[in-house]
1. Out of all the residues in segment 81-94, is one or more free of Cβ contacts under 8 Å to residues at least 40 places away in the same chain and within 26 Å of CYS223 (Cβ to Cβ)?
2. Quick one: TYR224 ticks every box in (1) in contact (Cβ under 8 Å) with a residue 60 or more places away in the chain; (2) buried (at least 22 other Cβ atoms within 10 Å of the Cβ); (3) among the aromatic types (Phe, Trp, Tyr) except a single one, so which number is it?
3. Looking at segment 132-167 only, could you name the residues that are out of contact with any Cys (no Cβ under 6 Å at 6 or more places or on another chain), surrounded by fewer than 22 Cβ atoms within 10 Å (Cβ to Cβ) and either free of Cβ contacts under 8 Å to residues at least 24 places away in the same chain or outside any loop (DSSP other than H, G, I, E, B) (or both)?
4. Scan segment 168-182 for residues that are in contact with a helix residue (DSSP H, G or I) (Cβ under 9 Å, 6 or more places away or on another chain) and assigned to a loop (DSSP other than H, G, I, E, B) and jot them down.
5. Within segment 265-295, can you find the residues that are of a type in the set (Ser, Thr, Tyr) and not in a loop (DSSP other than H, G, I, E, B)?
6. Looking at LYS188 and the list (1) part of a strand (DSSP E or B); (2) of a type outside the set (Asp, Glu); (3) under 11 Å from the mean Cα position of the chain (by Cα), which single condition is not satisfied?
7. From the list ILE128, ILE111, which one is more than 16 Å from the chain's Cα centre (by Cα), within 20 Å of CYS227 (Cα to Cα), surrounded by 19 or more Cβ atoms within 10 Å (Cβ to Cβ) and not charged (D, E, K, R)?
8. Scan segment 218-241 and give yes if some residue there is within 23 Å of ILE108 (Cα to Cα) and polar (S, T, N, Q), otherwise no.
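Please treat every number below as a calculation from the coordinates, not as lab data. Quick caveat, the model's predicted, so the values are computed rather than measured. No Cβ is skipped: glycine too gets one built from the backbone with ideal geometry, and neighbour counts run over all protein chains shown.
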Amino acid sequence: MRKGRKAINRKMIRYPNERAVNFYGKQKALPDFCRAFALGEIMDNGLDYLLRYLLDEGNYTESIPKSHDDKWRLFHALVNIRKPKPISEDFLIQQDCLLKSLIAEKGITDIDDLEPVREGIYLWRGDITTLKVGAIVNAANSGMLGCFVPHHACIDNAIHTFAGVQLRLDCAEIMDMQGYQEPTGEAKITSAYNLPSNYILHTVGPIVSGNLTNEHIRLLSCCYRSCLDLAEKNKIESVAFCCISTGEFRFPNDEAATIAVNTVLDYMQSCHNVQRVVFNVFKEQDERIYDRILRQD
């Protein structure tokens, strides 16, 4: 071991809140797009370069794995835990090539190819990081720096991972200028970097602990309105919303969908630039809920 290097015991490291995490996560098969990508020798060499850079930057002793799946897991973990700071242009070139290739391999969906449920309103179940639209909405936390937990299944993690390390630095600069954590119900806008969308609208939804209150309802509605305000201000024609505050933030799915639809429909009656809104869902349960609400008179 070279002097000054940090050993990673059993592939474990520490991320900002000092909990131990596993670089590789659960040993389950990766999606087909990862395996397909791994067949490209040139791209595989690019991934090796990215891993060497991140391991050297973090002063880790972990060696580069041999299997393509483990290389991706390691890269995913390293970018998840990396603090916001500048990085070399060579790294960005290699990273951008990697991420754009992965997204293309997954398959990009263009809003122009979707059928509206009603005028200007769309319902789509799929991976929001593959949606070509004016702006996608990220369900962020109040720190606004993305998810630091390697391989976490939240949308914040997915968006930051596939947008690239530039996004966390961008968010950090915005938050440094603001000087305080993002209040619940408000939003910020950034570039989408390597994602097919043009922008990302980051908003902090309410966390429901116990019974649902009128304040929870008001704040969730504010999330949608704040994102639409930013889209309108920046002349963004189409916006895709994820299911804000459901899941780990424990907002009931039915009530959250009702608030989302009502807020968006009300806003679109008087807006000028936002012409199309996609309600993006990942689970079949949410797809059924939104479909029922949207088809009501």
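1. no
2. TYR224 satisfies all of (1) in contact (Cβ under 8 Å) with a residue 60 or more places away in the chain; (2) buried (at least 22 other Cβ atoms within 10 Å of the Cβ); (3) among the aromatic types (Phe, Trp, Tyr) except (1).
3. Taking segment 132-167 and keeping what is out of contact with any Cys (no Cβ under 6 Å at 6 or more places or on another chain), we get 132-136, 138, 140-143, 146, 148-153, 158-167.
Applying the additional criterion that residues be surrounded by fewer than 22 Cβ atoms within 10 Å (Cβ to Cβ) yields 132, 141-143, 148-149, 151-153, 158, 166.
Answer for segment 132-167, where residues must be out of contact with any Cys (no Cβ under 6 Å at 6 or more places or on another chain), surrounded by fewer than 22 Cβ atoms within 10 Å (Cβ to Cβ) and either free of Cβ contacts under 8 Å to residues at least 24 places away in the same chain or outside any loop (DSSP other than H, G, I, E, B) (or both): LYS132, ALA153, ALA158, GLN166.
4. Those that are in contact with a helix residue (DSSP H, G or I) (Cβ under 9 Å, 6 or more places away or on another chain) and assigned to a loop (DSSP other than H, G, I, E, B): GLN181, GLU182.
5. Taking segment 265-295 and keeping what is of a type in the set (Ser, Thr, Tyr), we get 267, 270, 290.
TYR267, TYR290 - these are the residues of segment 265-295 that are of a type in the set (Ser, Thr, Tyr) and not in a loop (DSSP other than H, G, I, E, B).
6. (3)
7. On the way: ILE128 fails: more than 16 Å from the chain's Cα centre (by Cα).
Answer to the selection: ILE111.
8. Scanning segment 218-241, I find at least one residue that is within 23 Å of ILE108 (Cα to Cα) and polar (S, T, N, Q), so the answer is yes.
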